[in-house]
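Below you'll find the structure, written out as structure tokens, and then a few comments.
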Amino acid sequence: MFEFLFKRQGGDNPAPGTSAGEPGGKPAQPGQSGRSTPPGGTAAAPTPREQQAEQLKHLDGDEEAAVAFILSSEFSELRLSAAELVHSRPQLERVHAAMRNLDRRVAKMMQLRLDAIRHHESELRRGQEALAQARTLLGDELLTPNHVAELDRKWAIIVAPELNAEFDTVRAGLGKRLEEQVQLQRAMIDRLAALRRLESSGLDAAAFGERLEALACEQAEALVAPGHSALPRSLVADFATEHARLGASLATLEQDQAALAAREAALAQWQAQPATGLKADTLRKEWQRLPALPAGPQAAELQRRFDELLASLPQEVRKPKGAPGPAASAAEAAAVTGEPASPGQQKSQSKGADQDFLGRLDAMEAALQQGSLGSAAELDKSLKDSKDKGMRLSPAQADRLAHVRADLKRLSDWARWGGNVSREELIKAVETLATQNLAMSELAKKVGSMRERWKALDSLSGPAPRSLWERFDSACTTAYAPAAAHFRHLADERHANAARGQALVDEAQGEIARLESGEADWKHVSGTVQRLRTAWSHLGPVDRKEKKRLDGLFSSALNTLQRPLEQQRKGEMEVREQLIEEALGLDPHNRHAVDQLRDLQHRWQEHARALPLERKAEQALWQRFRAACDALFAGRKEHAHAADNERRTHEAAKEALCARLEAAAPDVTPASAGKLLREAAAEWQAIGPVPRAHEARIDKRYHAAVAAVQHHADVARRAAGLALAGAVRDKLRLIQALEAALVNPDAQTNPSDWRGRWDALLPLEGGYETILRTRFDGALSALEGDRAGYTRLLESNRERLQHELLRLEIGAGIDSGAEFARERLKLQVEVLQSSLKSGSKTGRAAGQKGGQAEGGQAAELRALLALPALADARTETRIEHLLMRHAKDGR
């Protein structure tokens, strides 16, 4: 209220170089009326902020220019807008170093972008390492699926889009190699299965050999294929073993087929001859000389056909020397053919061998024919026993038996000689065992097999000389010495393992005693049980009897420890289940959910340290708890995404509101500006928050749009006020001219002319039309009526007009001129004294009137305009200046 007391007399200069009449104008020159610059005059110079804002608009994405602008700008909002254009790492580091202690928001933006660049470079480096590993795997000779799976797991957590195409190419190569290896392994398995089925396929020797050779060729090609190193060694070894075995059986198959073919040909030849020209004994001898038949249906069929051939031959009646009677010949024939003899023949049959004797004799001949000396010797012994029982042989049978025994003796002599040679070879083989570096078990098997072969030679070739036996026994003892020492060492190890097992049992029993006394805690018990179980699994071999005893003791002790431990673990599992349920029950939208989850994780770790569960149960419960934690974080992430989407929606709504304000600003009127701004403010408050990174920008745009609307409304209001002030000035001048004409008798006083001039002016708003019309009508009525009285009224109101005008100029802060300085000061002192005398009550009343100052000054101005009084040119100018000031202030 008292601001006019602190203004300099003679003018109101709010700032150096500004006019007292209008802010920002030029100083008023002496003699000028102090009127404001008309619309269309020179505009005020732009502020530094406006200049830098205009400079920011012309950056056009130039990063270096944006960096220079940030380093030189003194406005934080403009620096933040320019920071959106900085993306390269050198410029980011430059801006961050400069703004770290100056502009927190710009420094944070730069730091976030630098962190993003460093993270991307880290991911790119990890991706290059994974790509190098993939190339190494692609070049390795042996590629295993677990290496490729590990590579895939490593690549799955790497974000490097630049390397995806190259990695996909290398990964496709790895997949192709794995597929080739799988196909090669499957072919190997199929080939081994086909090789094993070959023995039971029933193929002849030629087809068998061709198929075996074809499989061998396929195996050779597989062993030189690019992925041959992926073939399992066990399958390769099995194929080689099976192929060698089938190769050896191929020769046996050929011999068997040759024997079948020879007997088939001989049987066909005999069947083609007349039966009268064949003899049974001759056929038997020739049949026995043929290669031995293999076991099988073909051999049985051939033997059946041969037996049928023998049965179809006529019975042969032998007449040996001495001309035995017909009864002897008939008995011999019956013995040969197997037919029952007549009663007369049975009487003479005691002088010849029976059918069983002849069968064993035939078997002995067959055994000698096949080289089975052992079987032949057994059959000869049985024949001797039968002969010792009183059996009388015929001369032919005796000759046959002597011939067979001579062959047996000859072959036995040869076998004895060959047996000694074989024993010499066997001794040499045993002596070379020490130089072969065999495994101990294999060495023991070799020595045992050598002794078995020696025993077999004793049964086949007769007993060996003592000197040979001593040499053989000494060689076996020497060769077996390392194995004997090894087995003694294993026995010692078994005894040591038994001692360690007993120590483990004692430790378990000691832990049981501590547990029963309450000294041991559950974690220690769990660790002890796990350690004892692991140590027992690595105990090593123990003697069977001792092993059984120790197993019983250890199992009993371990069960005693595990029973209370399992009970305790069940309780711990229930606690873990409760923690899982609590984790599942957390609300992802709760702001304290993460803290609550961390508390649950801390409790989980405490329980896990207090008593570890079984690994399988621990892993299962942990997986469920981690799934619950992941679900919570996924829910929070989803909620954050939803909140981000909502913030982006709010941002779009605020952007649209700003766009509407910006579009409506040029066309806004003073009447519509208030409603538009109120609606915009209500809508702005109703819209929710926007992303924090864009909050400053959108707020800045909104305030700029509101300022633009307000500015256009102020401009329109000021223009309307100026137009109204001009119209009031014109009508006021007309009234002042009419009142001057009333005083001047020589002036034109035609009322119709004055009414025409009044009607030609525009009508006024804001109550000015009624006030001025009343004053005009009063002057016009005085022109036609009491002119002298109205003239006296005009003269008497002159002083009052000056006083009210001066008071309004003081209130409006307008310079009244040097000639009114004394009166102005006197009026100011009176107002101050009146205010001081009224005290605090007046002060409070003045405070209440402060809000109505603008409306009171407008009413006082209307009262001044309604006052009929004569005024000189200086007073008229002062009134017009006061009108223009009120018009500019929007009053």
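The values are calculated or read from the model by the stated rules, or taken from the named source; none is laboratory data. Keep in mind the model is a prediction, meaning the values are calculated, not measured. Cβ atoms come from the backbone with ideal geometry, glycine included; neighbour counts cover every protein chain shown.
Scan Arg514, Arg466, Arg488 and give me the residue that is of a type in the set (Lys, Arg) and surrounded by 12 or more Cβ atoms within 10 Å (Cβ to Cβ). Give the steps one after another, and end with the answer.
Numbers: Arg466 fails: surrounded by 12 or more Cβ atoms within 10 Å (Cβ to Cβ); Arg488 fails: surrounded by 12 or more Cβ atoms within 10 Å (Cβ to Cβ).
Answer to the check: Arg514.
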Please go through (1) surrounded by 15 or more Cβ atoms within 10 Å (Cβ to Cβ); (2) closer than 30 Å to Arg500 by Cα; (3) touching a helix residue (DSSP H, G or I) at 6+ places or on another chain (Cβ under 8 Å) for Arg549 and return the number of the only condition it doesn't satisfy. (3)
It is to be established whether one or more residues within segment 699-715 are in contact with a His (Cβ under 6 Å, 6 or more places away or on another chain), of a type outside the set (Asp, Glu), surrounded by 13 or more Cβ atoms within 10 Å (Cβ to Cβ) and touching a residue at least 24 places away in the same chain (Cβ under 8 Å). no
Within segment 845-878, take every residue that is of a type in the set (Lys, Arg) and either at pLDDT 75 or above or outside the structural domain of Glu819 (by TED's automatic domain parsing) (or both) and give me the one that is surrounded by the fewest Cβ atoms within 10 Å (Cβ to Cβ). Arg874
Could you tell me whether segment 99-117 includes any residue that is surrounded by fewer than 16 Cβ atoms within 10 Å (Cβ to Cβ), in a loop (DSSP other than H, G, I, E, B), out of contact with any strand residue (DSSP E or B) (no Cβ under 8 Å at 6 or more places or on another chain) and in contact (Cβ under 8 Å) with a residue 60 or more places away in the chain? no
Residues being closer than 12 Å to Leu611 by Cβ and touching a residue at least 40 places away in the same chain (Cβ under 8 Å) - total across segment 531-568: 3
With respect to Gly817, is the statement that it is at positive phi and at pLDDT below 75 true? yes
Within 30 Å of Val668 (Cα to Cα) and assigned to a helix (DSSP H, G or I): is that true of Asp730 in this structure? yes
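Can you tell me which residue in segment 135-160 is farthest from Ala116 (Cα to Cα), limited to those that are assigned to a helix (DSSP H, G or I), touching a residue at least 24 places away in the same chain (Cβ under 8 Å) and of a type outside the set (A, V, I, L, M, F, W, C)? Give the derivation first.
Taking segment 135-160 and keeping what is assigned to a helix (DSSP H, G or I), we get 135-139, 145-156.
From the residues that got through so far, the ones that are touching a residue at least 24 places away in the same chain (Cβ under 8 Å) too are 135, 137-138, 145, 148, 154-155.
If we keep only those that are of a type outside the set (A, V, I, L, M, F, W, C) too, we end up with 135, 145, 154.
Numbers: Arg135: 28, Pro145: 35, Lys154: 21 Å.
Among those residues, the one meeting the criterion is Pro145.
Go through segment 437-459 and give me each residue that's aliphatic (A, V, I, L, M) and either crowded, with 16+ Cβ neighbours inside 10 Å or assigned to a helix (DSSP H, G or I) (or both). Please lay out each step first, then the result.
Filtering segment 437-459 for residues aliphatic (A, V, I, L, M) gives 438-440, 443-444, 447, 450, 456-457.
Selection gives Leu438, Met440, Leu443, Ala444, Val447, Met450, Ala456, Leu457.
In segment 764-777, how many are surrounded by fewer than 18 Cβ atoms within 10 Å (Cβ to Cβ) and touching a residue at least 24 places away in the same chain (Cβ under 8 Å)? Step through it out loud before you land on a result.
Step one: of segment 764-777, the residues surrounded by fewer than 18 Cβ atoms within 10 Å (Cβ to Cβ) are 764-767, 769-770, 773-774, 777.
Next, from what is left, pick out any that are touching a residue at least 24 places away in the same chain (Cβ under 8 Å): 764-767, 774.
Residues in segment 764-777 being surrounded by fewer than 18 Cβ atoms within 10 Å (Cβ to Cβ) and touching a residue at least 24 places away in the same chain (Cβ under 8 Å): 5 in total.
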Every residue in segment 46-92 that is surrounded by fewer than 17 Cβ atoms within 10 Å (Cβ to Cβ) and among the hydroxyl-bearing types (Ser, Thr, Tyr), please. Thr47, Ser72, Ser76, Ser88
